[in-house]
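Asks: Let me give you the structure first, and then I'll get to my questions.
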Amino acid sequence: MGNILAIAKRELRNYFATPVGWLSLCGYILLTGFFFTIFLGFYSEQAATMGFDPYGPAEMNVDEYLVSPFFGNANIILLFLCPALTMRLFSEDRKAKSLELLLTSPISTAEIVLGKYLGALSFVLVLFLGTLHYPTLLFWMGDPDPGIMASCYLSWTMMTACFMAVGLMASSFTENQMVAMILAFGILLMFWLLGWAEGSLGSTGFQGSLKDVLSFVSLVNRTEDMQKGLIHTKDLVYFGSFVAFFLFVTHQRVEAYRWR
Amino acid sequence: MIKVEKLSKRYGATTAVQELSFQVPKGEVVGFLGPNGAGKTTTMRIIAGSLGATEGRVTLDGQDVFENPREVKRRIGYLPEVPPLYTDMKVRDYVRFAARLKGVDDINGAAEATIDRVGLAPVAHRIIDHLSKGFRQRCGVAQALVHNPEVLILDEPYSGLDPAQRVEIRDLLKELAQEDRTVILSTHVLGDIEAMCERVVILNNGKMVGQGPISELTKVLGGRTINLSVVRPEGLLDTLSAIPGVLKVTPGEAGTISLFTEPGDIREQVAAAAVPYGLLEFSGRQSLEDIFLHLTQQAEA
């Protein structure tokens, strides 16, 4: 465990030792700010119009019309960000030959893989801290549901955990960081588009069965319920298995360095 | 004691190391000698546990490197040809990080002692990326030394250093070798081996072509190169070629001649033949270079 933490700490510090970390932090806050402003504007416009509707509800639900759409749409930032954050994890280490230090130390491959994974994942959690002013504003100005808010952050974390596992795996396959990023992005985009494809299919016959398969595999669709405040055990199991699978492949790949 | 038994490593169709067997007794300093691509790095990486062998075994005091990697790696310090540095870290943080990975109990104590030991104290607070090549090499040595291993494996520790840095690193390594450590050192510069090692293992094309104490190798194996310079070189070339045991005579500039002989000492005959031509200089010291050339050429033939 100590070794995992030591490697994780080193990886986390690396993000802040280079411009990568600070740029990502700025970019992430800027883009989430952009999304938040758009949805806030949309929400207040709707709310204002609704005030004139005698048959409409007394007020618009802030969770349904602002919190969920904001968190759901900001997912896409992670789709682009995660491959950029994970691309160097193994690629750079191999190219600079520094991986040799890890491989000749009395530690296991699992410790190396988990250390790098947790280090990178914790960096994104730091990024999430940079978004806490949005909920703070909402709690100050309005009355959102804290449970839903927490559930939304959980959905981001789960999603990132999956993205980072894919990125780590891609990075373990090549010494070229660019290739690692493109590979990771390609895989993630595929999972992303599966969700879209599922939405366009009919619900009967072959299309129905395909729809079931796709909706099972799709990563993004599983965050939708979570962003409405519904946490299903099956979704958590899915995310857990997803991460475990890609970390396992990474582990096998790193083991193979010793055999090539 | 390190024991390498019938070690082979194949990358697809290429064979990097073939049926290599040798032993290194505790406390001995052994030099790995061979041209580029001879399999030195591959062998060292296998011993250090960062590469798996296709066949064969490596044991340290009976413990197999592949079966008990944790125990064995704790006792080995490995400096690869390119030092495995995280250049974004400060020297002190890097050495501490290495100490933690190597399973040292007193991380700060070991790190500070190592930093002093290898002469990194003046730059301990600096980022590795900003250091000179000599200091980087020291960081690499620190990483290999921080857990005070019994075995040190050094792959081309002098490559890419300028002459002053070279002397500094050589002195440091000599000191380390004297502390009852088993040291395996690879290089293609023969002088380094002659200066430090008690024994050499000579590799060529993945196979061992010779091993033994340097003094013994020079006695048994290899011809020697004799360099002489005379006042009147005319006619001497033919005279020298006629001496039995002389393989090749090469005339140089301004009366210098170098000749290569078969195994066996024929210095006396050569000197006697050269005196009538006005012999000015004569040197017939047998160097590791001659043995090396002899052995590797023999292996190719």
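Asks: Give the residue, chosen from A:Val67, A:Val62, A:Val113, A:Val124, that is over 30 Å from B:Phe66 (Cβ atoms), out of contact with any strand residue (DSSP E or B) (no Cβ under 7 Å at 6 or more places or on another chain) and modelled with pLDDT of 90 or more. Steps first, please.
Replies: Details: A:Val67 fails: modelled with pLDDT of 90 or more; A:Val62 fails: modelled with pLDDT of 90 or more; A:Val113 fails: over 30 Å from B:Phe66 (Cβ atoms).
So the residue among A:Val67, A:Val62, A:Val113, A:Val124 that is over 30 Å from B:Phe66 (Cβ atoms), out of contact with any strand residue (DSSP E or B) (no Cβ under 7 Å at 6 or more places or on another chain) and modelled with pLDDT of 90 or more is A:Val124.
Asks: Another one. Take the residues of region A:76-120 that are hydroxyl-bearing (Ser, Thr, Tyr) and outside any loop (DSSP other than H, G, I, E, B): which is nearest to A:Leu23 (Cα to Cα)? Steps first, please.
Replies: Taking region A:76-120 and keeping what is hydroxyl-bearing (Ser, Thr, Tyr), we get A:86, A:91, A:98, A:104-105, A:108-109, A:117.
Imposing the further condition that a residue be outside any loop (DSSP other than H, G, I, E, B) reduces the set to A:86, A:91, A:109, A:117.
Values: A:Thr86: 15, A:Ser91: 20, A:Thr109: 31, A:Tyr117: 20 Å.
Looking at residues that are hydroxyl-bearing (Ser, Thr, Tyr) and outside any loop (DSSP other than H, G, I, E, B), I get A:Thr86.
Asks: Checking A:Ser24 against (1) within 14 Å of chain B (Cβ to nearest Cβ); (2) assigned to a helix (DSSP H, G or I); (3) modelled with pLDDT of 90 or more: exactly one of these is not met. Which one?
Replies: Going through the list (1) within 14 Å of chain B (Cβ to nearest Cβ); (2) assigned to a helix (DSSP H, G or I); (3) modelled with pLDDT of 90 or more, A:Ser24 breaks only (1).
Asks: Of the numbered conditions (1) in contact (Cβ under 8 Å) with a residue 24 or more places away in the chain; (2) over 17 Å from the mean Cα position of the chain (by Cα), B:Glu179 fails exactly one; give the number of that condition.
Replies: Among (1) in contact (Cβ under 8 Å) with a residue 24 or more places away in the chain; (2) over 17 Å from the mean Cα position of the chain (by Cα), B:Glu179 violates only (1).
Asks: Filter region A:89-107 down to residues that are under 16 Å from B:Val65 (Cβ atoms) and of a type outside the set (Ser, Thr, Tyr) and give me whichever is farthest from the chain's Cα centre (by Cα).
Replies: Taking region A:89-107 as the starting set, the residues that turn out to be under 16 Å from B:Val65 (Cβ atoms) are A:100, A:103-107.
Adding the requirement that they be of a type outside the set (Ser, Thr, Tyr) leaves A:100, A:103, A:106-107.
Working: A:Glu100: 30, A:Leu103: 29, A:Pro106: 32, A:Ile107: 28 Å.
Ranking the qualifying residues of region A:89-107, first place goes to A:Pro106.
Asks: Considering every residue within region A:76-89, establish whether at least one is at pLDDT 90 or above and within 14 Å of another protein chain (Cβ to nearest Cβ).
Replies: Scanning region A:76-89 turns up at least one residue that is at pLDDT 90 or above and within 14 Å of another protein chain (Cβ to nearest Cβ).
Asks: Related question: Do you know which of the residues in region B:83-109 that are crowded, with 17+ Cβ neighbours inside 10 Å and either more than 14 Å from chain A (Cβ to nearest Cβ) or without any contact (Cβ under 8 Å) to a residue 24 or more places away in the chain (or both) is farthest from B:Pro69 (Cα to Cα)?
Replies: B:Asp93
Asks: I'd like the residue in region A:93-132 that is surrounded by fewer than 16 Cβ atoms within 10 Å (Cβ to Cβ) and within 12 Å of another protein chain (Cβ to nearest Cβ) and, out of all such residues, is nearest to A:Ile4 (Cα to Cα).
Replies: Ranking the qualifying residues of region A:93-132, first place goes to A:Ser108.
Asks: Can you tell me which residue within region B:157-194, out of those that are part of a loop (DSSP other than H, G, I, E, B) and in contact with a helix residue (DSSP H, G or I) (Cβ under 8 Å, 6 or more places away or on another chain), is farthest from B:Ile2 (Cα to Cα)?
Replies: Initially, region B:157-194 is screened for residues part of a loop (DSSP other than H, G, I, E, B), giving B:157-162, B:178-181, B:188-189.
Still in the running and in contact with a helix residue (DSSP H, G or I) (Cβ under 8 Å, 6 or more places away or on another chain): B:157-158, B:160-162.
Details: B:Pro157: 20, B:Tyr158: 24, B:Gly160: 29, B:Leu161: 29, B:Asp162: 32 Å.
It comes out as B:Asp162.
Asks: Now a separate question. Please work out if B:Ser186 is within 23 Å of A:Ala96 (Cβ to Cβ) and surrounded by fewer than 19 Cβ atoms within 10 Å (Cβ to Cβ).
Replies: No, not satisfied.
Asks: Within region A:48-64, work out how many residues are part of a helix (DSSP H, G or I) and surrounded by 16 or more Cβ atoms within 10 Å (Cβ to Cβ). First the steps, then the outcome.
Replies: Within region A:48-64, the subset part of a helix (DSSP H, G or I) is A:48-50, A:62-64.
Then keep just the ones that are surrounded by 16 or more Cβ atoms within 10 Å (Cβ to Cβ); that gives A:62-63.
Summing the residues that are part of a helix (DSSP H, G or I) and surrounded by 16 or more Cβ atoms within 10 Å (Cβ to Cβ) in region A:48-64 gives 2.
Asks: Among the residues of region A:198-220, count how many are closer than 25 Å to A:Thr233 by Cα and in a helix (DSSP H, G or I). Reasoning before the result, please.
Replies: Taking region A:198-220 first, the residues closer than 25 Å to A:Thr233 by Cα are A:198-199, A:203, A:208-220.
Narrowing further to those that are in a helix (DSSP H, G or I): A:198-199, A:208-217.
Residues meeting the conditions: 12.
Asks: If you don't mind, there's one more thing I want to ask. Of all residues in region B:52-77, how many are touching a Gly at 6+ places or on another chain (Cβ under 8 Å) and either among the hydrophobic types (A, V, I, L, M, F, W, C) or surrounded by 24 or more Cβ atoms within 10 Å (Cβ to Cβ) (or both)?
Replies: 5
Asks: Which residues, taken from region B:32-82, are over 21 Å from A:Lys95 (Cβ atoms), facing chain A (nearest Cβ under 10 Å), in a helix (DSSP H, G or I) and basic (Lys, Arg)?
Replies: If the condition is that a residue be over 21 Å from A:Lys95 (Cβ atoms), facing chain A (nearest Cβ under 10 Å), in a helix (DSSP H, G or I) and basic (Lys, Arg), then B:Arg70, B:Lys73, B:Arg74 are the ones that fit.
Asks: Condition first: surrounded by fewer than 18 Cβ atoms within 10 Å (Cβ to Cβ) and not in a loop (DSSP other than H, G, I, E, B). Can you find one or more residues in region B:195-210 that meet it? Step through it out loud before you land on a result.
Replies: First pass over region B:195-210, keeping only residues surrounded by fewer than 18 Cβ atoms within 10 Å (Cβ to Cβ): B:195, B:198, B:205, B:207.
Narrowing further to those that are not in a loop (DSSP other than H, G, I, E, B): B:195, B:207.
Within region B:195-210, one or more residues are surrounded by fewer than 18 Cβ atoms within 10 Å (Cβ to Cβ) and not in a loop (DSSP other than H, G, I, E, B).
Asks: Does A:Gly229 meet the test of being in a loop (DSSP other than H, G, I, E, B), farther than 23 Å from A:Trp156 by Cα and away from chain B (no Cβ under 14 Å)?
Replies: On the way: in a loop (DSSP other than H, G, I, E, B): yes; farther than 23 Å from A:Trp156 by Cα: no; away from chain B (no Cβ under 14 Å): yes.
So A:Gly229 fails the test.
Asks: Quick check on A:Leu138: is it in a helix (DSSP H, G or I), surrounded by fewer than 22 Cβ atoms within 10 Å (Cβ to Cβ), of a type in the set (A, V, I, L, M, F, W, C) and modelled with pLDDT of 95 or more?
Replies: Numbers: in a helix (DSSP H, G or I): yes; surrounded by fewer than 22 Cβ atoms within 10 Å (Cβ to Cβ): yes; of a type in the set (A, V, I, L, M, F, W, C): yes; modelled with pLDDT of 95 or more: no.
It is false that A:Leu138 is in a helix (DSSP H, G or I), surrounded by fewer than 22 Cβ atoms within 10 Å (Cβ to Cβ), of a type in the set (A, V, I, L, M, F, W, C) and modelled with pLDDT of 95 or more.
Asks: Kindly establish whether A:Gln207 is closer than 20 Å to A:Leu79 by Cα and of a type outside the set (Gly, Ala, Ser). Spell out how you get there, then give the answer.
Replies: Working: closer than 20 Å to A:Leu79 by Cα: no; of a type outside the set (Gly, Ala, Ser): yes.
No, not satisfied.
Asks: Scan (1) loosely packed, with under 15 Cβ neighbours inside 10 Å; (2) outside any strand (DSSP E or B); (3) modelled with pLDDT of 80 or more for the single condition B:Ser215 breaks and write down its number.
Replies: Condition (3) is where B:Ser215 drops out.
Asks: Which one is surrounded by the most Cβ atoms within 10 Å (Cβ to Cβ) among residues in region B:252-283 that are outside any loop (DSSP other than H, G, I, E, B) and among the β-branched types (Val, Ile, Thr)?
Replies: At the first step, the residues of region B:252-283 found to be outside any loop (DSSP other than H, G, I, E, B) are B:256-261, B:267-277, B:279-283.
Filter once more, keeping what is among the β-branched types (Val, Ile, Thr): B:256-257, B:261, B:270, B:275.
On the way: B:Thr256: 15, B:Ile257: 20, B:Thr261: 24, B:Val270: 22, B:Val275: 10.
Checked region B:252-283; the qualifying residue surrounded by the most Cβ atoms within 10 Å (Cβ to Cβ) is B:Thr261.
The values are calculated or read from the model by the stated rules, or taken from the named source; none is laboratory data. The model shown is predicted, which means the values in this text are computed figures rather than measured ones. Virtual Cβ from ideal backbone geometry, glycine too; neighbours counted across all protein chains shown.
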